[in-house]
Amino acid sequence: MVRSGKLFQVRKTRPERKNWIAAILLARMCPMNHMKEIGWIGTGIMGASMARRLLQTGHRLMVYSRTRAKAGELLREGAVWCDSPREVARRSECVFSIVGYPSDVEEVVLGEEGTLAGARDRIDAGEEAPVLVDMTTSRPTLAREIAELATRQGIAALDAPVSGGDVGAREGTLAIMVGGERAAFDRVSPLFAVLGKNIRWMGPAGAGQHTKAINQTLIASTMIGTVEGLLYAERAGLDLKEVIGVVGSGAAASWSVNNLGMRIASGDMAPGFMIRHFVKDLGIALEEARRLGIALPGLALANQFYQAALAEGLAEEGTQALYRVFQRLNSPPGESRPR
């Protein structure tokens, strides 16, 4: 552990020592922000890794998750459990949330025991209001509603969805697209820097969510190309990893090809990002496209293929499991279909 700049020797197992050294290096690379009491709500695949990075840089972390067991590792590493989002906000200078669906965001932020109520409690106690940062991929209209309600009460709220998957969350290399007041963004930026590498203020409330909808629109069509190309390679008898090694360095290169394509080649369909959450994101993008009066047929087609993945029972698999849908689509009659 690190105290007063001195390194105290503690016996560790080899994996523990590796994590311990990584935490020390991270803390040295990321000087502590003036915000010391940080709240975190949501400890799923992405959230737990992101929260851990803040914990490793020396911040006191207040944590809430609907399933306490999912926060178990963070609690063992020093995070403090809170019984509600409201308590998290009451005890924090900045509160991050990353949950599943817009309905979850509404409950976490706007509910009776939500972060907005906790922020008001903090103001009533004579303390500075926390900045509320929602990193869930959600509706731009909801982000604007939250920001407007918060602003009227003297509270800043940012929408800051991310891209980069489970690897980006662990390594702190996420892209973070932020909407809301510029002053609030500047205040939280040192914390964003712990979580990501490409951090952009995109404009007023909702701009972060619009940018994420664009991101998911691009990924949706790219994933169709990725799985079709790899299915072609499979049927042509080529080594998928060798194919990716070549096309992944040329004009066809993309994050999806080089990362999710390699998982497909290894038969790894474990989620970095679940299909059921991606379908939610595509629905949001289509809803916004209708509201804006634009036709996005490629996005609509990709959504249909991912709906087929849900029907095939692949909701909990990673987005790369779309490959299974295309394998089955191309299975000759009577041939055993891949699972």
For the range 286-305, name all the residues that are assigned to a loop (DSSP other than H, G, I, E, B) and without any contact (Cβ under 8 Å) to a residue 40 or more places away in the chain. 293, 294, 295
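Which strands (runs of 3 or more DSSP E) sit wholly inside the range 138-215 and have at least 1 residues that are among the acidic types (Asp, Glu)?
157-159
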Please list, ordered by first then second residue, the pairs with beta carbon atoms under 7 Å, 6 or more apart or interchain, first in the range 258-274 and more than 21 Å from residue 174 (Cα to Cα), second hydroxyl-bearing (Ser, Thr, Tyr). 264/323
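Residue by residue, here is whether (1) of a type in the set (S, T, N, Q); (2) modelled with pLDDT of 95 or more; (3) surrounded by 22 or more Cβ atoms within 10 Å (Cβ to Cβ) holds:
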| position | (1), (2), (3) |
| --- | --- |
| 194 | no, yes, no |
| 198 | yes, yes, no |
| 201 | no, yes, no |
| 208 | no, yes, yes |
| 212 | no, yes, yes |
| 223 | no, yes, yes |
Test of understanding: among 137, 141, 151, 115, which residue is hydroxyl-bearing (Ser, Thr, Tyr), under 18 Å from residue 45 (Cα atoms) and either assigned by TED's automatic domain parsing to the domain that holds residue 44 or at pLDDT below 95 (or both)? 137
Among the residues that make up the range 127-148, is at least one of them without any contact (Cβ under 8 Å) to a residue 12 or more places away in the chain and small (Gly, Ala, Ser)? no
Only one of 92, 103 is among the polar types (S, T, N, Q) and either touching a Leu at 6+ places or on another chain (Cβ under 7 Å) or assigned to a loop (DSSP other than H, G, I, E, B) (or both), namely 92
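Test residue 48 against the stated conditions and say whether it is in a helix (DSSP H, G or I), in contact with a Lys or Arg (Cβ under 8 Å, 6 or more places away or on another chain) and surrounded by fewer than 24 Cβ atoms within 10 Å (Cβ to Cβ).
Working: in a helix (DSSP H, G or I): yes; in contact with a Lys or Arg (Cβ under 8 Å, 6 or more places away or on another chain): yes; surrounded by fewer than 24 Cβ atoms within 10 Å (Cβ to Cβ): yes.
When the stated conditions are applied, residue 48 passes them.
The values are calculated or read from the model by the stated rules, or taken from the named source; none is laboratory data. Here the structure is a predicted model, which means the values were calculated and not measured. Neighbour counts are summed over all protein chains in view; Cβ atoms, including those assigned to glycine, are modelled from backbone coordinates with ideal geometry.
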